Amino acid sequence: MSPDSQDRNSPRLLDQVRELIRIRHYSIRTEQAYVQWIKRFILFHDKRHPLELGADEVTAFLSHLAVKRNVAASTQNQALNAILFLYRDVLTCKLPWLDGVQRAKKPQRLPVVLTRDEVRALLAQMQGTTWLMAALVYGGGLRLLECLRLRVKGIDFQYRQLVIRDAKGQKDRITLLPQNLFEPLRDHLVRVRALHESDLRAHSEVRILPPQPIFPIKTITQRTS
């Protein structure tokens, strides 16, 4: 199928990419990364439509990233994932050469893990909301975005656990809630609730708000400023 055969009134290609990513509830970071890589892929080939390109052009772009730009293997693979998403999901092309494109191999390195004493020393330099967030990340094994998205319904004091919704891979998971964080977390929830009620009183209109994270940006900036 050629680009000329497409409906000229259809959304622009990058808008189609954004729309499909949002329909599938991918993270905003994934959307930004995929759109940026697809744009760079098209510009690299002098703005030719992706339907005019093939395996050689994809390989040339990935080689350019590795050789000229000296990007890491993970970055190169992210670019490839964006291109595969474009062809398979947005343009719905069933092209055999897609499976033949080689992925970059990541070097095997052991992760850097802080010792307990190092974690204690790090937390000792923090206070307030930032301390609580860091303690939850380390004590509960949360990713940073999981912590930022944590909601009241995801906190289970009775079973000492946190329910993480839409975690990596769009899957829910359960992790532990350290008992020494019960009291500071309850105190934090009281403050967040008071802030939420204050915001409601400040607006005359009555409206239904979506579930809010327990670490709203307003609270974080107030505590860290």
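The values are calculated or read from the model by the stated rules, or taken from the named source; none is laboratory data. Here the structure is a predicted model, which means the values were calculated and not measured. Glycine gets a Cβ as well: all are built from the backbone with ideal geometry, and neighbour counts include every protein chain shown.
State yes or no: is THR130 touching a residue at least 24 places away in the same chain (Cβ under 8 Å), among the hydroxyl-bearing types (Ser, Thr, Tyr) and part of a helix (DSSP H, G or I)?
Answer is yes for this residue.
For ARG120, are the conditions met, namely being modelled with pLDDT of 85 or more, assigned by TED's automatic domain parsing to the domain that holds GLY141 and assigned to a helix (DSSP H, G or I)?
The answer is yes for ARG120.
Just to verify a result, which residue in segment 45-67, among those that are of a type in the set (Gly, Ala, Ser) and in a helix (DSSP H, G or I), is surrounded by the most Cβ atoms within 10 Å (Cβ to Cβ)?
Restricting to residues being of a type in the set (Gly, Ala, Ser) and in a helix (DSSP H, G or I), the top hit is ALA66.
Among the residues that make up segment 157-170, is at least one of them hydrophobic (A, V, I, L, M, F, W, C) and assigned to a helix (DSSP H, G or I)?
no
State yes or no: is ALA167 surrounded by 14 or more Cβ atoms within 10 Å (Cβ to Cβ), more than 16 Å from ILE214 (Cα to Cα) and either touching a residue at least 12 places away in the same chain (Cβ under 8 Å) or not aliphatic (A, V, I, L, M) (or both)?
Criteria met by ALA167.
Only one residue in VAL137, VAL152, VAL163 is at pLDDT below 90 and out of contact with any His (no Cβ under 8 Å at 6 or more places or on another chain). Which one?
VAL152
On the given criteria, is TYR138 in contact with a helix residue (DSSP H, G or I) (Cβ under 7 Å, 6 or more places away or on another chain) and either in a strand (DSSP E or B) or surrounded by fewer than 17 Cβ atoms within 10 Å (Cβ to Cβ) (or both)?
So TYR138 fits the description; yes.
Being at pLDDT 95 or above, outside the structural domain of PHE182 (by TED's automatic domain parsing) and more than 25 Å from the chain's Cα centre (by Cα) narrows it down to one residue among HIS49, HIS45; which is it?
HIS45
Can you go through THR75, THR30, THR115, THR59 and tell me which one is over 24 Å from the mean Cα position of the chain (by Cα) and either within 30 Å of ALA167 (Cβ to Cβ) or among the small types (Gly, Ala, Ser) (or both)?
Result: THR115 is the single residue among THR75, THR30, THR115, THR59 that is over 24 Å from the mean Cα position of the chain (by Cα) and either within 30 Å of ALA167 (Cβ to Cβ) or among the small types (Gly, Ala, Ser) (or both).
I'd like to know if segment 79-86 contains one or more residues that are at pLDDT 90 or above, not assigned by TED's automatic domain parsing to the domain that holds LEU162 and not hydrophobic (A, V, I, L, M, F, W, C).
Yes, segment 79-86 has at least one match.
Between a residue in segment 68-95 that is surrounded by fewer than 18 Cβ atoms within 10 Å (Cβ to Cβ) and any residue that is among the aromatic types (Phe, Trp, Tyr) and modelled with pLDDT of 85 or more, which pairs come within a Cβ distance under 6 Å, given they are 6 or more apart or on different chains?
These pairs meet every condition: CYS93/TYR87.
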